[in-house]
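These notes concern the structure reproduced below.
Values in this text are rule-based calculations from the coordinates and carry no lab data. Keep in mind that this is a model prediction, so the values were computed, not measured. All Cβ positions, glycine included, derive from the backbone under ideal geometry; neighbour counts span all protein chains shown.
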Amino acid sequence: MSAGVNQPNARAFANFAGERPGAILAAALLGVVALACLFAPLIAPQDPFDLASLDLLDAELPPVWQEGSDPRFVLGTDAQGRDLFSAILYGARISLLVGILAVVIQSAIGVSLGLLAGYFGGRIDSLITRLADIQLSLSTLMMAIIVMALFRAGLGGAALSTFAVPLLVLVIGLAEWPVFARTARAATLVEAAKDYVRAARAVGSSDLAIVHRHILPNILSPLVVISTTQVAGAIMAEAALSFLGLGMPVTKPSLGTLIRSGYDLIFAGAWWVTILPGLVLIGVLISINVLGDALRDGLDPRRRGG
Amino acid sequence: MNAFASGAAFIARRLVQALLVMLAILVIAFAVRQSLGDPLREIMGQAVPESERAALRHELGLDAPWPVQFTRYLGQAATGDLGTSIIYKKPTIEVVLAKFPASFELVLGASLIVLLLSLPGGIYSAVRPRNLGARLVLGLSVLGISVPVFLTGILLITIFSVWLGWLPAFGRGETVDLGVWQTGLLTLDGLEHLLLPALTLSSIMLPLFIRLVRGAMLDELGHDYVRTARAKGASPLRVWVVHALRNALLPLAAVGGLQVGTLIAYTLLTETVFQWPGMGFLFLEAVTRADIPLITTYLVLVGLLFVVVNTLVDMVSLALDPRVSLEGGR
């Protein structure tokens, strides 16, 4: 049975490459960004967190294709004379890290609860479904804003900045588990009724073993599909919080923080400080969404060719 | 049970549920006040000796057990007293409500834009799904979903305010005082100031609504009554708008109503970008300056808005659509 898992995926990926050049482009772009983030310390010409390396005389230099630029700073500099290219690399690194970790939490909680609900049914199922409905009716972004605002008002800006990464991961991670729980529950209901599950039970496998070894591998593909769009959502939520001053601090900026700190400068003509990190953010989000759409269409036979 | 009685029971249950949610919100607001806010600081500042503080704390009943204090908080909340703002030295509810017109007009402007664009866009892409235009509409809506709302605002400001100099970038402009309501809709300057923020806020709702209209229309167009209308010789436009759209609007209103929390969050982001003096902008100011009474008042009022809208949407769906299940199941 487990051999059957990989076949449709392989076919889906073959389809994918042929029919969707956009998705391949998006995947390539994401790959480049991810690698650049991973190796940021090796690629970046400057350590943007090392205040000693900054020189105020270099402040607000435009990117190289504009007049008055300095070849040392390909994408220009910000108000402190920080190399924008380096800052964006490190910023994207934090944005991706928070986005991915938040989805790890979402999926861990959501898939466990979804499996529980789908496999055991009955009261557990209705309780979990109810909780998911309540959680979903509260807007994730609004909840995240409120929770981060309370932490900020309670702890003060300085203390918040120490715990920013784990807090953001937890807040965004806890808010969206129902998305995974619903998908996992629906898929589990289908799988649990199949013969192989009954067979496993007949030979005396425990519930845990059935769920873990037999059902989970068979419901992975829809979960992978929603993970992609969830990562995009988490990155967007993190950027929004940081833009509001409720996320990553200026000393450890994510893309959202960079956009926020460069925002005032657009009125002084230094548009690149805020627009360039913004374009990187948009590029990442569009790529993930395009890839997610393509994955969903590729793995869902009903949507193929539409 | 007849339909009327079960309808009344549904409404009663829904109202009780709304009250419970509101109570939960008040409990949270109270807990935040108890743990983060220090009412003494609001009254006497920080440079007062501890003995005097203790005396006043006792006098004000702040050392009473929390159920007593919570009951008192509830009683005050019921009369509209949610505390005094530390920044503004005025009742918080006055401060927050004074900012309501600005937020409301922003949402109104954005909703108008969404309505004017999503209906034709959604209908068009549903009735002519293979056309280039329809694909363009859907393609743009993917783009819209992927661009965070604050970046849309920043891009619009950069282009239209900084580079072209056509439109103002921040504030509400000239407003007219109508007694309880400060409106920016009656002056040209006010409308100019509203245009970019409203466009920004609508950009994030548009993709969702275009997809919703399209989906709902596609559903309705497949029904028999549409074929009957066509067979009777009704013009295509009449079939789309009068027949199908009317039925498609119902699920749309329900989903639109459920997005109210998200809408508040997006409004807050838009207000921050454009320094629009609304409730969200005020909330962030309160957060930066740790004005706990103002923060909790905002939470309570936004929670109230959320509960009222959701309850109304449920009741309106019940009134409009006899098929809505009264048992709450599907």
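A few points about this structure:
- Cβ charges +1 (Lys, Arg) and -1 (Asp, Glu), total dipole of segment B:39-196, debye: 740 debye
- Alpha-carbon gyration tensor eigenvalues x 5, square-rooted, for segment B:66-179, Å: 42, 22, 14
- Signed unit charges on C-beta, dipole axis of the protein assembly as shown, positive-most listed residue B:21, B:96, A:193: A:193
- Taking chymotrypsin sites (Phe, Trp or Tyr not before Pro) as exposed when their DSSP state is a loop state and no more than 13 other Cβ atoms lie within 10 Å, the longest site-free interval of chain A runs over A:164-306.
- Residues whose placed amide H lies under 5 Å from that of residue B:84, excluding near-sequence neighbours: B:92
- Residues whose amide H comes within less than 5 Å of that of residue A:77, counting only those at least five positions distant or on another chain, are A:60, A:61, A:84 (H built at 1.01 Å from N in the peptide plane).
- Computed 3J(HN,Hα) for segment A:107-121, one whole-Hz value per residue from the Karplus formula 6.51 cos²θ - 1.76 cosθ + 1.60 where θ = phi - 60°, is 6, 4, 5, x, 5, 4, 5, x, 4, 4, 4, x, 7, 8, x, glycine and proline marked x.
- Dipole size of chain B about its Cα centre, with +1 on Lys/Arg Cβ and -1 on Asp/Glu Cβ: approximately 1480 debye, rounded to the nearest 20.
- Longest stretch of chain A clear of exposed loop sites (trypsin sites (Lys or Arg not before Pro), DSSP loop, at most 15 other Cβ atoms within 10 Å, sites excluded): A:73-193.
- Listed by chain and number, the lysines whose alpha-carbon sits under 30 Å from that of residue B:89, ignoring those within fewer than 8 places in the same chain, are B:99.
- Only one residue of A:267, A:298, A:128 has its Cα farthest out toward the positive end of the dipole of chain A, where Lys and Arg carry +1 and Asp and Glu -1 on Cβ, and that residue is A:128.
- Debye equation applied to the C-alpha atoms of chain A, log10 I(q)/I(0) at 0.07, 0.09, 0.12 Å⁻¹: -0.35, -0.55, -0.88
- By the Stokes-Einstein formula, at 1.002 mPa s and 20 °C, segment A:134-258 with its Kirkwood radius over alpha-carbon pairs has D equal to 128 µm²/s.
- Amide H partners (placed H, <5 Å) of residue A:248, local residues excluded: A:242, A:254
- Three-way shape call for the protein assembly as shown based on the alpha-carbon gyration tensor, with the a/c threshold at 1.5: rounded
- Between 0 and 90°, nearest 10: helix A:220-243 axis offset from chain A longest Cα axis: 30 degrees
- Helix B:188-221 and the longest principal axis of the Cα set of chain B meet at an angle near 50°.
- Where only DSSP H runs of four or more residues are counted, chain A gives -23000 deg cm²/dmol as its mean residue ellipticity at 222 nm, each run worth -39500 (n - 2.57).
- Farthest towards the positive end of the charge dipole of the protein assembly as shown, among the residues B:293, A:277, A:175, is the Cα of A:175, using unit charges on the Cβ of Lys, Arg, Asp and Glu.
- About its Cα centre, the protein assembly as shown has a charge dipole of approximately 2620 debye under the convention of +1 per Lys or Arg Cβ and -1 per Asp or Glu Cβ, with nothing else charged.
- Cα-derived Rg to Rh of segment A:76-182, Kirkwood definition: 1.13
- Overall form of chain B per C-alpha gyration tensor (a/c, 1.5; a/b vs b/c): oblate
- A simple rule links phi to the HN-Hα coupling: the Karplus curve 6.51 cos²θ - 1.76 cosθ + 1.60 with θ = phi - 60°, which for segment A:249-261 gives x, 4, 6, 9, x, 8, 4, x, 5, 4, 4, 5, 6 Hz, with x for Gly and Pro.
- Mean per-residue shielding of peptide A:140-150 is 6, counting Cβ atoms of other chains within 10 Å of each Cβ.
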